[in-house]
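In what follows, a single structure is set out as C-alpha cells and then discussed.
The values are calculated or read from the model by the stated rules, or taken from the named source; none is laboratory data. Given the structure is predicted, the values throughout are model-derived calculations rather than measurements. As a convention, Cβ positions derive from the backbone with ideal geometry for all residues, glycine included, and neighbour counts pool all protein chains shown.
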There are 2 protein chains.
Amino acid sequence: MSATPLPPRPTGLDALFRPRAVAVVGASRNPLSVGHLALKKLLNGGFRGAVIPVNPNARSIASVAAVASIEALPDDVDLVVIAVPADKVEPIVASCAKKGIGGVIVLSAGFAEASAEGKAREARLRDLVRAHSMRMVGPNCLGLLNSDPDVSLDATFAPVRPLAGRVAMASQSGALGVAILETARELDLGLSAFVSVGNKADVSGNDLLEHWEDDPRTDLILLYLESFGNPRRFATIARRVARKKPILAVKAGRTAAGRRAAGSHTAALAAPERCVEALLRHTGVTRVATLEEMFDAATLLAHQPLPRGHRVAILTNAGGPGILCADACESQGLLLPELLPATHRALEAALPQAASLANPVDLAAPATADDYRRALPLLLEDPHVDAVIALFVSAGVIDVESVAAAIKEGRRASHGGRTKPLLTCFLGQRGIPAALSSDAESVPSYRFPESAARALACAVRRAEWLAQPVGVVPALPDVEAKTGHAIVRNALAHRGPGWLTPCEQENLLAAFGIPHLRSTLCRSADEAVAAAAALEGPAVVKLASTTIVHKSDWNGVHLNCRGADAVSRACAAIEARLVAAGRREELLGYTVAPMAPSGVDTLVGLFVDPSFGPLLAFGLGGVTTELMNDTAFRLVPLTDAEAQRMVGSIKGVELLRGFRGAPLADEPALVDLLLRVARLASELPEVLEVDLNPVRVFERGRGACALDARIRVGLPETKPLSPAG
Amino acid sequence: MSATPLPPRPTGLDALFRPRAVAVVGASRNPLSVGHLALKKLLNGGFRGAVIPVNPNARSIASVAAVASIEALPDDVDLVVIAVPADKVEPIVASCAKKGIGGVIVLSAGFAEASAEGKAREARLRDLVRAHSMRMVGPNCLGLLNSDPDVSLDATFAPVRPLAGRVAMASQSGALGVAILETARELDLGLSAFVSVGNKADVSGNDLLEHWEDDPRTDLILLYLESFGNPRRFATIARRVARKKPILAVKAGRTAAGRRAAGSHTAALAAPERCVEALLRHTGVTRVATLEEMFDAATLLAHQPLPRGHRVAILTNAGGPGILCADACESQGLLLPELLPATHRALEAALPQAASLANPVDLAAPATADDYRRALPLLLEDPHVDAVIALFVSAGVIDVESVAAAIKEGRRASHGGRTKPLLTCFLGQRGIPAALSSDAESVPSYRFPESAARALACAVRRAEWLAQPVGVVPALPDVEAKTGHAIVRNALAHRGPGWLTPCEQENLLAAFGIPHLRSTLCRSADEAVAAAAALEGPAVVKLASTTIVHKSDWNGVHLNCRGADAVSRACAAIEARLVAAGRREELLGYTVAPMAPSGVDTLVGLFVDPSFGPLLAFGLGGVTTELMNDTAFRLVPLTDAEAQRMVGSIKGVELLRGFRGAPLADEPALVDLLLRVARLASELPEVLEVDLNPVRVFERGRGACALDARIRVGLPETKPLSPAG
C-alpha cells in the first residue's frame, strides 16, 4: 500500500482554518486545564486530520500519543494551539517558526491585556510571527472553529458544540464568545466559522472579513467589537464585503468617554461614538444595540430572503398580540399596508366569519392550524405585502406544533411567497416549535412580537441600503488643489500649526470652489469704515484673529452696521473688549463684509479624528439644533448620493424643504458645498478642522454661501486605537 | 354533628375574588369546550369551596354532580362562570340576579367586540348587573384568578397554572393573558391575582387598581392596556395607588392614529400618544415598551428593594459582558461610580491578582464561586453603590449552580447589602439557575446584561418618582375666576363656540394674572397709526380676526414698525392679502403693541382632549423646536413642583439656564405662568384651547410675558374612548 500523497501546505489564514494536522501545546493530564479542554474539543469535534499533543513529560494525553517537542512533530502539522503560561509562549512560537509551521492560536492570557510587561511580550510575539509570515490568532482568546465538514476544526475550549451553518462570527471577547456560542446553539443558529480574536496581535477582524468575503460556506457575518484596530482599513474592507454579505455588528465601549476639548462646533460634536456611527453607516454594516438583537436579526437574515420594502402583514389568532406587534412594527419604521381587495375577498372565502380581515388579520380565538395554512399564502402573495409576521397564542385547545407545521406548509404552498420573509412568534412558548427548527427552509420564531418587528426592521434597513444608489465621488474639475496645498504649506511654514487668517481661509475656500462671503481684512477702524462705505448695503464687522476662534463669545460679531459711525463703534467695541481682557495683541484687525440675503442657516464642518480620519458634519445652524444634537456625520470619500442622503437625514431638513410655506432652499447648492468640503479633506490631510458656520442656504437657484469660517491646519496624526479590552 | 355556619355573603368585587361557592354554566361533556376547561381548572386549582356545574342535560360533568339550573344552586354560590353562546348569556345573568348572586364572569365572546348587535347585547347586560348591584368580569375574557390559599380560585381557561406570589395583573387582552401567564410561570414570577377584563362592560382596570390598593397579598400591579375607559378616573386612582405599590403598564395601541385637525400648535402637538404619556407620568405609573421589559422589571420589583440612587456596580468574570452591561447601564441613565478606596483595598485583599478592581470589577477568567462570594458583599456595602449587577459566563470549568449559590450567600453575608437591589445575568444559560429561582429572597436572573440594566433603570425611575416632592397646587389668590367665567359665557352667548377676540383674550389672561403684552385693537389703519404713535418705541402691528388664527400664514405679523408710514404699510399689506383671498370681511382690524424686550421665546399651551381632559403643553418657541418635538405635556391639576419639572424636562431648557454665557432667564416667572394657565383650565372647562406663542421669558427677575395668544371656547365634550380592542 503506497502512502497517501501529502496535500499541499495551506497558506495565509488557511493555515488556521484548514490545517492538515494540529498540535496542542500545554495539554496536561488535568482534565480542567485549558490545554486539555482544547485537545478534547479537537478530538471530539471530529477534526479530519491528526491531533497531536505536545508534552515532554507524558507519553499520551487523553489517550492520544504525545510527542515531546515541536521539533518532533510530523511535517503536515500546520497549526499549533498554545495553552502554556504567557512567559513560555515565545520560545514555542519560535520553534514553530523554525519548523515552518504556518499558524498558531495562542489561548494563553497574560499579554497586552494584563501588564506593560505583557504588552512588550505581545509585541515581540507579533514581530516573530510577522518575520516568518506566520498567522496568529490571539493571544488571550478562546480559539477558532471551522465547521466545514472537510475540516471540522473546533480549536476552542468553549463548553458548547455549535451547529454547522452559514453564519461566521468574530468576537473580540472570549468570554462573550462562550455566551455567543451557547446562545447560537440554543437558537439553532448554525455557524460556518467562529473566531475569538482576543488581543488581535496579528489576525484582526479586518483579516477575517476579507477571508469570509469569498468563503462559499458563509452567508452572514457577525461581529462583536470593542475597538477598531484600523478603522480606515475597516472602512474599505467592510464597505466592499457588506455589498455581498450582511454584516451585523455589536459595538461595545463606554459611551461617556468624554468629548474632546473642542476648538470648533464640529469637533465638539464629533464624539468618538459619532465616529463609530459614521464608520458603520459608511460601510453598510448593520449596527445592532445588543447581542439579543444581533441573534434575532441573524436568525432572520440567515434563513429568509430580504424584504423588497417595508410593508408588513400580521397574521394572528388574538387581537392583543396583533396590536403589540403592529405598534412595534410602526415604531421601527415599518408600515402596515391595506391588503388588496382581492386578498380581502380570498381571505373572506377561506376563513371563518369571526376573523377580522384588516391588517393585522385576526383569525380570532377559535382559529385552527388549517386557518393559518389557508390564510398565509394569501398574505404572502399580496403585492402590497413585503413580509409577513405570523403570531400564535395557544389557549390550550390547539396544538402549537400543528400550527407551526401549518405555517410552514402555508409558506410552501405560496408561489411568490417564498421570495418574501416570514417570521413567527409563538407567545408564551418555551423555545422554538420543532417544526420550525433549523433546516433548509427554516422559519425564524421569536419569543415576543417586538423581537420579530425589530429583526424585520434590520432586514429592511439592509435591503434599503443595498437598493439605494451608491453615487459617485464627483470630479469637481474646477478644484485647484495645488493652490490649496500652497496656502496650507505656507501657513504651516510661517506660523506652524494653528488657525488660518481670514485671507488664507478665503483663498483656501476659493481654491476648492466653496462659496463664501468675501470680506475685507482691515487693520484699523478707519480702514473698516472705508471698506464698509464701498459696500452697497449695511456691513458686518467682525473681530479678526488667528487665536480667538469663538468670535461671538468676545462680542466680535456686529451685524447690520449702517454708516461710518456704526462701523467705528463696532470696531471700538471689539478692541475695548480685548483690551479689557489684556489680549489686545491678538487682534489682527477687523473683517468687513456685506450683509447676506436671508436664507436657512446650516453648519458644515470637518474634523480629522486621529484614528477614524476625516469626519464631515452637517446640521442646522443656531443654538437649538446644537441642543437637540440633530447633526449628521459621514466619512470621506463622500459620493453625491450619500451627500444628498446626509442632508436629508437630519430632522431639521424640513426647514430647507418649504416648511410652513417658506420657499424651497437651494439643497443642490448645499450638497455641492458638502462635496467640496469632502474633497478638501481628501486632498489636504493637514487641514484638521473646518467650521463653516453658518452656511446660509438661499432660495432654490440662488446657491448657498459660508458666512463665516474657521480652519485649523496642523500635522496629521494617525493614532491607532487602544487594543482589545 | 352540627352544620358549619355559613360565612357571610361577600360584597362588591369580593363576590368575584372570594366567593364561597362557584357555579359554571356552559360546562359540557366536551373536554375541549371553554366551559369544561374552566370547570376543570377550578377543580384542579384547589378551590376551597364547592364547584358546581350547571347543566340541564347531564347529571355530572367531569365527575362532579351537576344541577339543572341557576335556581337549583345552593345559597352560598356567590360567583357564576358563564361560557354559553352570547345570545344565551342574558337570561342566565337575569336568573343569577334574581337569586341574589353577587358576581358573574362572562367568558363568552360575541359582544361589543363582534357586532353592533353584540354591542347592544353588552349594554343590556351591563344595565342588568348594575341594576342588581352585581359585579361582572367580561364578557369576552379569559377569566379571573385569585391565588390566596384561603380561596385558591382559578376561574380561567388558560392552559397554564401560575405560581402563587405577590404580583397582581390585569390584562385587556385574553389571548395575551395566556402568554402572560405562561411567561410568568417560566420566569418563576408568582401572582396574587390575575384578571382578564375583556370588554370591561362592568369591572374595569380602575376597579381592580382600587381593589388591589389595599390587598395585603399584592405588592406590585401589572397592567396590559389597550384603551382607557375613563382616563380621568384612572388619573385619580392610579396616582394614589402608585404611591403605595409599583404599577407597571404596557399601553398598546397604534401610534400612527393620525393627529387631530389642528387649530393651534398645542392641539397639533397633543397627539393621542402624548395624552397617554402625560397621563402615565401624572400617575407615576411606570410605562414599559414591551411585555418582555414588563416582566424583566416585575421580577426585580417583586423581589428586591428599591435602589436609593442610580449608581450601579458591576461584578463580572469577563471583560466583554462587563463592557456591554456598562454601556447598557449608561444608555439607561445609570451611573457606574468609582468604588471607595476602602472597597478597593478590601477587594484587593480578597481576590486573586488577575482581577481588575475598577468598576466593572472583573474577576477575570479563572474566577471561582468563592471569588463571587467574597467580592459581592464588599460591593453591596460600598456607600457609593446603590445596586449591583453580577454577571457570569461559564467557560465550562466552573459550575453555574455553585456560582449562583455563592452569589446568594454573598448577599446574605452583607450587612447593609440586603437593602440594595442585586441582579444577576448568567450569559448563554438556559433558564434561571435553580439556586436563584423563586423564594423569599429570590434574586432576579436575566438572559442578557442589557435586560438587567433596563430593569434596574425602571426601579431607579420609580425610586426617583417616589422621592421627588409632590408639591402643592398653589392658591393664586389674585385669580378672578368669576371675571373669567363671565368673559367666556359672554363670548359663547354672543358668538357661540370659536376663538375669542383680542380684547376678550387680554381680559381673560388678566383675570388669571397671566402676564401678556397689552395691545390696542384698531378698526382702521389710521387708528393703528395713532396707537403706534402713542408708544415709546417701534410697534408690532398684527392682523386681528376671530377666524384666521395662523396670523403669520397671512403675512399678519409686522414687527419693528417705526413711524406712521411703516404702520400704514403694515396695515395695507394685511388688508391686501385678505382682499386677494376674498376674505376681507374676516378682518376685525389691527392690533398695535409695543415691541417686547429680548428674551427666550417659549410656547405655553392648553388643549382639552375629549377623553383625557385638559392637557398643558410647554416647549421652546420657534420652528426648530417644533420639528424636534421637544415639548412637555402635563395633566391638570398641576403642582408647583411638577410645573418646575415640566420646564426642566425639555432638552431646550438649557437656553433658559445661561446657555453659552447668556443671562439666566426668569424660570420662576415662567413656572408661575404655567400654573396660572393650569388654573384657568381647571376653572373654565369651556376654554378648549389656549396657545400662548411666544411666551417671552426675560432675564431673571424681569418676568415672562405672552406676546401673542389664541384662545378657543366651546362646550366641553366628554367622549368615552372606544372599548377594549
Q: Being in contact with a Lys or Arg (Cβ under 8 Å, 6 or more places away or on another chain) and outside any strand (DSSP E or B) is the filter; apply it to the stretch A:183-206 and report the residue that is nearest to A:ALA252 (Cα to Cα).
A: A:ASN206
(Q) Return the residues of the stretch A:294-337 that are within 30 Å of A:THR218 (Cα to Cα) and at the interface with another protein chain (Cβ under 9 Å from one of its Cβ atoms); say none if nothing qualifies. (A) none
Q. Restricting to the stretch A:384-425, what's the tally of residues that are within 13 Å of chain B (Cβ to nearest Cβ) and at pLDDT 90 or above?
A. 3
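Table: residues versus (1) assigned by TED's automatic domain parsing to the domain that holds B:VAL80; (2) in contact with a helix residue (DSSP H, G or I) (Cβ under 9 Å, 6 or more places away or on another chain); (3) under 20 Å from B:HIS211 (Cβ atoms); (4) among the acidic types (Asp, Glu).
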residue: B:LEU6; (1), (2), (3), (4): no, no, no, no
residue: B:ARG20; (1), (2), (3), (4): yes, no, yes, no
residue: B:VAL25; (1), (2), (3), (4): yes, yes, no, no
residue: B:SER28; (1), (2), (3), (4): yes, yes, no, no
residue: B:VAL34; (1), (2), (3), (4): yes, no, no, no
residue: B:LEU37; (1), (2), (3), (4): yes, no, no, no
residue: B:LYS41; (1), (2), (3), (4): yes, no, no, no
residue: B:GLY46; (1), (2), (3), (4): yes, no, no, no
Q) Which of the residues that make up the stretch A:360-371 are of a type outside the set (A, V, I, L, M), touching a Leu at 6+ places or on another chain (Cβ under 8 Å) and away from chain B (no Cβ under 11 Å)? A) A:ASP371
Q. Which ones in the stretch A:148-177 are of a type in the set (Ser, Thr, Tyr) and either surrounded by fewer than 23 Cβ atoms within 10 Å (Cβ to Cβ) or on the phi > 0 side of the Ramachandran plot (or both)?
A. A:SER152
Q) From the list A:ALA116, A:ALA112, which residue is farther than 20 Å from A:HIS211 by Cα and in contact with an Asp or Glu (Cβ under 6 Å, 6 or more places away or on another chain)? A) A:ALA112
**Q.** Residue satisfying all of: in the stretch B:155-168; more than 13 Å from chain A (Cβ to nearest Cβ) and within 19 Å of B:LYS200 (Cα to Cα); nearest to the chain's Cα centre (by Cα) among these
**A.** B:ALA168
Q.
Please verify whether B:SER133 is surrounded by fewer than 24 Cβ atoms within 10 Å (Cβ to Cβ), in the same structural domain as B:PRO91 (by TED's automatic domain parsing) and of a type outside the set (A, V, I, L, M), treating the condition exactly as stated.
A. yes
Q. Mind checking whether some residue in the stretch A:608-615 is farther than 24 Å from A:TRP499 by Cβ, more than 14 Å from chain B (Cβ to nearest Cβ) and at pLDDT 90 or above?
A. no
Q. Is it the case that the stretch B:540-563 has a residue that's in contact (Cβ under 8 Å) with a residue 12 or more places away in the chain, on the phi < 0 side of the Ramachandran plot and in contact with a Cys (Cβ under 6 Å, 6 or more places away or on another chain)?
A. yes
Q) When the residues of the stretch B:184-231 are filtered to those that are within 14 Å of chain A (Cβ to nearest Cβ) and touching a Phe, Trp or Tyr at 6+ places or on another chain (Cβ under 6 Å), which remaining residue is nearest to B:VAL608 (Cα to Cα)? A) B:ASN199
(Q) Condition first: outside the structural domain of B:LEU422 (by TED's automatic domain parsing), among the β-branched types (Val, Ile, Thr) and at pLDDT below 90. Now tell me which residues in the stretch B:289-328 satisfy that. (A) B:THR290
Q: Could you run through the stretch B:477-496 and say how many residues are at pLDDT 95 or above, of a type outside the set (Val, Ile, Thr) and in a loop (DSSP other than H, G, I, E, B)?
A: 3
Q) Counting only residues that are surrounded by fewer than 20 Cβ atoms within 10 Å (Cβ to Cβ), β-branched (Val, Ile, Thr) and within 36 Å of the chain's Cα centre (by Cα), how many does the stretch A:1-59 have? A) 1
**Q.** Hits in the stretch B:115-132 (condition: of a type outside the set (A, V, I, L, M, F, W, C) and modelled with pLDDT of 95 or more)
**A.** B:ARG121, B:GLU122, B:ARG124, B:ARG126, B:ASP127, B:ARG130, B:HIS132
Q.
Which of the numbered conditions does A:GLU186 fail, given that it passes all the others? Conditions: (1) among the acidic types (Asp, Glu); (2) more than 24 Å from A:THR11 (Cα to Cα); (3) buried (at least 24 other Cβ atoms within 10 Å of the Cβ).
A. (3)
Q.
Quick test of your reading of the structure: B:PRO216 fulfils all but one of (1) free of Cβ contacts under 8 Å to residues at least 40 places away in the same chain; (2) not polar (S, T, N, Q); (3) not in a loop (DSSP other than H, G, I, E, B). Name the failing condition by number.
A. (3)
Q. Filtering the stretch B:338-359 down to residues that are part of a loop (DSSP other than H, G, I, E, B) and more than 24 Å from A:ASN140 (Cα to Cα), which residue is nearest to the other protein chains (Cβ to nearest Cβ)?
A. B:GLU338
Q | Answer residue from the stretch A:116-154, given it is farther than 28 Å from A:THR183 by Cβ and in contact with a Lys or Arg (Cβ under 9 Å, 6 or more places away or on another chain) and is nearest to the other protein chains (Cβ to nearest Cβ) among those | A | A:VAL129
Q.
If I filter the stretch B:635-661 down to residues being touching a residue at least 12 places away in the same chain (Cβ under 8 Å), of a type outside the set (D, E, K, R) and within 14 Å of chain A (Cβ to nearest Cβ), which single residue comes out as surrounded by the fewest Cβ atoms within 10 Å (Cβ to Cβ)?
A. B:SER649
Q) Does A:PHE234 satisfy the condition of being at pLDDT below 95, in a loop (DSSP other than H, G, I, E, B), away from chain B (no Cβ under 11 Å) and buried (at least 21 other Cβ atoms within 10 Å of the Cβ)? A) no
Q: State whether one or more residues within the stretch B:106-117 are surrounded by fewer than 19 Cβ atoms within 10 Å (Cβ to Cβ) and touching a residue at least 40 places away in the same chain (Cβ under 8 Å).
A: no
Q. Quick one: in the stretch A:516-541, which of the residues that are under 20 Å from A:ALA596 (Cβ atoms) and touching a Gly at 6+ places or on another chain (Cβ under 6 Å) is surrounded by the most Cβ atoms within 10 Å (Cβ to Cβ)?
A. A:CYS522
Q: For the stretch A:303-333, enumerate the residues that are buried (at least 20 other Cβ atoms within 10 Å of the Cβ) and over 29 Å from B:ALA170 (Cβ atoms).
A: A:HIS303, A:GLN304, A:PRO307, A:HIS310, A:ARG311, A:VAL312, A:ALA313
Q: Would you be able to tell me the number of residues in the stretch B:237-252 that are away from every other protein chain (no Cβ under 14 Å) and in a loop (DSSP other than H, G, I, E, B)?
A: 2
(Q) Among the residues in the stretch B:349-366, are any touching a residue at least 60 places away in the same chain (Cβ under 8 Å), in contact with a helix residue (DSSP H, G or I) (Cβ under 7 Å, 6 or more places away or on another chain) and more than 22 Å from A:GLY198 (Cα to Cα)? (A) no
